[in-house]
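First the structure, in the form of structure tokens, and then the observations on it.
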Amino acid sequence: MKFRADLHMHSVLSPCGDIEMSPSAIIAKAKEKGLDIIGLTDHNSTLNAEVTRKIGEQNGIAVMMGAEVTTKEEIHCLGFMPNAEKLAEFQKFLDSKVIFFENDPDKFGYQFVVDEEENVLDEVPHLLINALDLPMLDLQKKVYEMGGIFIPAHVDRSTFSISSQLVFVPDKLKFQALELSYYAMKNNFFDKFPWFSDYNYIQSSDAHYIDDIGKISSVLEMDSFSFDNLKNALHTGEQIIL
């Protein structure tokens, strides 16, 4: 079976996420766009992931629960957890690596934790887009220790990526796949960085606005959806829709 997946998007918890990006609105748009699987990946926080999963389950959309983590090198990486218990543990780990800088909502945007009815339950006080005191290899190690999925994000981007910060893929870095942004092919990424071409890729929207959900996606082949099946599917097959 083929599953259409957009594994990178942000909710109202991310300061750069539009105020319309509530969990319920995200799921409604994902359903409208014909997505089977989405990834909820707010910056350095998982606090809206479980509610998004619950709404998704009610609407036939599978939700991968995780975060887009900004490492010490200022590289963005996606980390997904297999269940709510591991997700809570991962959140505690991320919180322990925060370098506190107070958020200014007028400058950076609101950081809301919400429920299924879009009621605001909490507002995260520290700015979530800052780098954590967490090297990329240490993040990778923690994600794998918890049985998770690790994907370096938008590696073609000129900021906050492996190509912008390191220029190469470290030999010690292990991942299920690398992610390309919506613009990778338009920017001729593989012409500029041909040594990146031998890896396995997905492509995701990195949606911060409702209408961007599903603007690019990947096709994953599995007998049925499960966390482990998706993990295996990321290693094999042609996943990119160009």
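The values are calculated or read from the model by the stated rules, or taken from the named source; none is laboratory data. Computed from a predicted model, the values in this text were never measured in an experiment. Ideal geometry is used to build each Cβ from the backbone, glycine not excepted, and the neighbour counts take in all protein chains shown.
Values as computed for the structure displayed
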| quantity | calculated |
| --- | --- |
| Those residues of the stretch 86-115 which are polar (S, T, N, Q) and either farther than 19 Å from residue 148 by Cα or surrounded by 13 or more Cβ atoms within 10 Å (Cβ to Cβ) (or both), in sequence order | 91, 103, 111 |
| Subset tally (residues that are surrounded by 23 or more Cβ atoms within 10 Å (Cβ to Cβ), part of a loop (DSSP other than H, G, I, E, B) and out of contact with any helix residue (DSSP H, G or I) (no Cβ under 8 Å at 6 or more places or on another chain)) for the stretch 149-160 | 2 |
| Of all residues making up the stretch 11-34, the number that are crowded, with 24+ Cβ neighbours inside 10 Å, assigned to a loop (DSSP other than H, G, I, E, B) and modelled with pLDDT of 95 or more | 6 |
| Number of positions in the stretch 55-76 that are within 23 Å of residue 226 (Cβ to Cβ), touching a helix residue (DSSP H, G or I) at 6+ places or on another chain (Cβ under 6 Å) and in contact (Cβ under 8 Å) with a residue 60 or more places away in the chain | 1 |
| Flag if residue 169 is touching a strand residue (DSSP E or B) at 6+ places or on another chain (Cβ under 8 Å), surrounded by fewer than 19 Cβ atoms within 10 Å (Cβ to Cβ) and part of a loop (DSSP other than H, G, I, E, B) | yes |
| Check on residue 218, touching a strand residue (DSSP E or B) at 6+ places or on another chain (Cβ under 8 Å), touching a residue at least 40 places away in the same chain (Cβ under 8 Å) and of a type outside the set (Lys, Arg) | yes |
| Checking residue 97 against (1) more than 18 Å from the chain's Cα centre (by Cα); (2) without any contact (Cβ under 8 Å) to a residue 24 or more places away in the chain, the condition it does not meet | (2) |
| In the stretch 28-43, the residues that are touching a helix residue (DSSP H, G or I) at 6+ places or on another chain (Cβ under 6 Å) and either more than 13 Å from residue 64 (Cβ to Cβ) or of a type in the set (Gly, Ala, Ser) (or both) | 29 |
| Scope the stretch 193-216; condition of a type in the set (Ser, Thr, Tyr) and modelled with pLDDT under 95; matching residues | 197, 199, 201 |
